[in-house]
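Undergrad: What follows is a single structure, and I will ask about it in a moment.
The values are calculated or read from the model by the stated rules, or taken from the named source; none is laboratory data. These numbers come from a predicted model, not from an experiment. Using ideal geometry, Cβ is built from the backbone for each residue, glycine included, and neighbour counts are taken over all protein chains shown.
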Amino acid sequence: MKQWTLVLLLMVFADLSLSQIITSRISAENISTTGFSVKWNNNQVANSFIRYGFTPALELGTLQGGNTQSPSIAISGGFASQVYYAQAVAQVGNIIHQSDTLPFITASNSSGDIRVYFNQPVNIAYANSTDNQATRLTNSIDDTLIAYINRAQHSIDIMVYNLGSAAGISDISGAINQAFLNGRAIRVVYNEDTGNAGIAELHPDIPRLISPESNFPVYGIMHNKIFVFDAFSSNANRSIVWTGSTNLTTQQINTDPNNVIIVQDQSLAKAYTMEFEEMWGSNTLTPNTSISRFGPDKKDNTPHYFNIGGRRVECYFSPSDGVNSRIIQAITEAQFDVTVNTMLITRNDIITSLIQSHNNGKDVKVIVNHPNEGSMQVQYDNLNATLGYRLMNYSALPQSGTLHHKLMFADAFMGTNPYVLTGSHNWSTAAEVRNDENTLVIYDADIVNLYLQEFMGRLGAVASSDYYSDFSSVSVYPNPTENSINISHASNAEISVIQMLDATGALLLEIIPSQQLDTHTLHLSNFASGVYFIKIMSNGVVHMEKIVLR
């Protein structure tokens, strides 16, 4: 009898194992204004298809993908900024496995313009072109936001952690009030347990909803810093999302290092509106608290994949969308270098991912605000044991304020697909499981380069430290070049390796100097014209330079 029981149990577990055919999250690729392809992975060849529709009822039927292990099934015939819902289905024999039903969105007719601003000095010496120099808004992020508020034609949805009063910054609340008096539809969601003096200054008829943070620890903070302008305008170029790390207070705008990112894209604006209305509980001007959802009550119910001006962009909201896993994915998918510029890291799994990336030969650099920010001392010590001087704490630098970014970027110097991850999501468990947050992942070399310039601006005060070592004076010339390149550096730099790589990171040439010279020359007449990278290593420090060979 016991033997038969064991056999039956094994059969049950075998069936459960076989039923898990779909092994990845369904995602979108080839996004256009008329459609996209839904893709996923199966653990074996399976009859694959999708159910889809304009609503979660999937009323448009099915589309076949055939027998395959890696389906990619096209949805077509739509129009710009159209939300679809899709569910993947895989069948092997009598076993049918269905994915969750998730929303997707087509590309918009918007310009796709993305603007990035910083409030502290940047180092434009690292700009990849004279047309891509990072912009510092000196004590004027507030004025820039007011300009966007004044431009709104139809609607403004606001999700803010802290809206300060006009003392020390320009009158943001006054601009919101004027927009309301001018007939704009304005809705506000804000955090409960912050000063929010600016909320009290809003016109009493502006509808607003407070987050349920008082029910901590079930709910956390409403930590977004978001304005969504004209999401449903008939002019797709009026739809704008304002987000980033900057709270709307005097200290945050004027002193603490922060970033703002402004995206002109109607599809993204609609996704942020969907997130707003999940907390608001309705799509009208009146909130419905009986069905509004904050924190852990929220669902994974907004599109994540976008084509914005030809760029691959992803958007995630916390705590419903698994942002911590996406951060780890962003760290591990880097080809060559990972740079973290964030207030704190209290997650052991993120620390482990950074250490593994370093041990796998990637150039990992990290700056956090303070070794014990958010009680992260243990995590800091673990990371410090591996990274050494590549891990820095901002509080020890001769600069002001609290480092408040929540970002990383990868492959800033080389690689085929550089990207940046930014938003309001601190790298903490609270952000992962309780707080309302937002995160963008943007694949674009020029935008990554802007964040690199800001990072180098934070390090400018320690140019003589071990971090820069003797590479603060390195010079690679002439650039562009035709036949050779010279590498000049401080006489006390001990160069261990000089490498030349192509744009994909393939090693083309390597020199291990037999003697230390102030200048090394590479002869390049045997190489074809194109873009290459010079990688110089000394005592564990890596310096990268992009060169153009004519």
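Undergrad: Taking the stated definitions as given, is SER234 closer than 18 Å to SER111 by Cα, assigned by TED's automatic domain parsing to the domain that holds GLY198 and without any contact (Cβ under 8 Å) to a residue 60 or more places away in the chain?
TA: When the stated conditions are applied, SER234 passes them.
Undergrad: Please work out which one of (1) assigned to a loop (DSSP other than H, G, I, E, B); (2) surrounded by fewer than 19 Cβ atoms within 10 Å (Cβ to Cβ) is the condition THR246 fails and give its number.
TA: (2)
Undergrad: If a residue counts only when it is within 23 Å of ASN191 (Cβ to Cβ) and not assigned by TED's automatic domain parsing to the domain that holds ARG347, which helices (runs of 4 or more DSSP H) contained entirely in segment 365-462 have at least 2 such residues?
TA: Filter on segment 365-462 gives an empty set.
Undergrad: Here is a further query. List every residue pair whose Cβ atoms lie under 8 Å apart, where the two residues are 6 or more positions apart in sequence or sit on different chains, the first residue falls within segment 251-269 and is closer than 12 Å to LEU403 by Cβ, and the second residue, located anywhere, is polar (S, T, N, Q) and in a strand (DSSP E or B).
TA: Going by the 8 Å Cβ cut-off, the qualifying pairs are ASN259/THR422.
Undergrad: Follow-up question, since we're still on this one. Mind telling me which of the residues ILE328, ILE355, ILE350 ends up being in contact with a strand residue (DSSP E or B) (Cβ under 6 Å, 6 or more places away or on another chain), on the phi < 0 side of the Ramachandran plot and outside any loop (DSSP other than H, G, I, E, B)?
TA: Only one candidate qualifies: ILE350.
Undergrad: Right, another one. If a residue has to be touching an Asp or Glu at 6+ places or on another chain (Cβ under 7 Å) and modelled with pLDDT of 95 or more to count, how many in segment 339-370 make the cut?
TA: Adding up the residues that qualify gives 2.
Undergrad: I need the full set of residues from segment 276-296 which are in contact (Cβ under 8 Å) with a residue 40 or more places away in the chain and either outside any loop (DSSP other than H, G, I, E, B) or among the polar types (S, T, N, Q) (or both), in order please.
TA: PHE276, MET279, TRP280, THR286, THR289, SER292, GLY295, PRO296
Undergrad: Mind checking whether some residue in segment 167-174 is at pLDDT below 95, at positive phi, surrounded by fewer than 16 Cβ atoms within 10 Å (Cβ to Cβ) and over 21 Å from the mean Cα position of the chain (by Cα)?
TA: yes
Undergrad: Next question. Could you grab me the full set of residues in segment 139-166 that are among the hydroxyl-bearing types (Ser, Thr, Tyr) and at pLDDT 95 or above?
TA: Correct list: SER140, THR144, TYR148, SER155, TYR161.
Undergrad: Condition first: out of contact with any helix residue (DSSP H, G or I) (no Cβ under 7 Å at 6 or more places or on another chain), touching a residue at least 40 places away in the same chain (Cβ under 8 Å), among the acidic types (Asp, Glu) and loosely packed, with under 14 Cβ neighbours inside 10 Å. Can you find one or more residues in segment 51-61 that meet it?
TA: No: segment 51-61 contains no residue that is out of contact with any helix residue (DSSP H, G or I) (no Cβ under 7 Å at 6 or more places or on another chain), touching a residue at least 40 places away in the same chain (Cβ under 8 Å), among the acidic types (Asp, Glu) and loosely packed, with under 14 Cβ neighbours inside 10 Å.
Undergrad: For segment 299-317, give me each residue that is hydroxyl-bearing (Ser, Thr, Tyr) and within 13 Å of the chain's Cα centre (by Cα).
TA: TYR305, TYR316
Each row is one residue, and each column tells you yes or no for (1) among the basic types (Lys, Arg); (2) in contact with an Asp or Glu (Cβ under 6 Å, 6 or more places away or on another chain); (3) within 18 Å of GLY309 (Cβ to Cβ); (4) surrounded by 21 or more Cβ atoms within 10 Å (Cβ to Cβ).
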position: ILE95; (1), (2), (3), (4): no, no, no, no
position: LEU102; (1), (2), (3), (4): no, no, no, yes
position: SER110; (1), (2), (3), (4): no, yes, yes, yes
position: ALA127; (1), (2), (3), (4): no, no, no, no
position: GLN133; (1), (2), (3), (4): no, no, no, no
position: LEU137; (1), (2), (3), (4): no, no, no, no
position: THR144; (1), (2), (3), (4): no, no, no, no
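Undergrad: Limited to segment 278-306, what total is found for residues that are in contact with a Lys or Arg (Cβ under 9 Å, 6 or more places away or on another chain) and among the basic types (Lys, Arg)?
TA: Of the residues in segment 278-306, 2 are in contact with a Lys or Arg (Cβ under 9 Å, 6 or more places away or on another chain) and among the basic types (Lys, Arg).
Undergrad: Within segment 497-521, which residues are surrounded by 13 or more Cβ atoms within 10 Å (Cβ to Cβ), at pLDDT 75 or above and within 20 Å of PHE336 (Cβ to Cβ)?
TA: Scanning segment 497-521 gives VAL497, ILE498, GLN499, MET500, LEU501, ASP502, LEU508, LEU509, ILE511.
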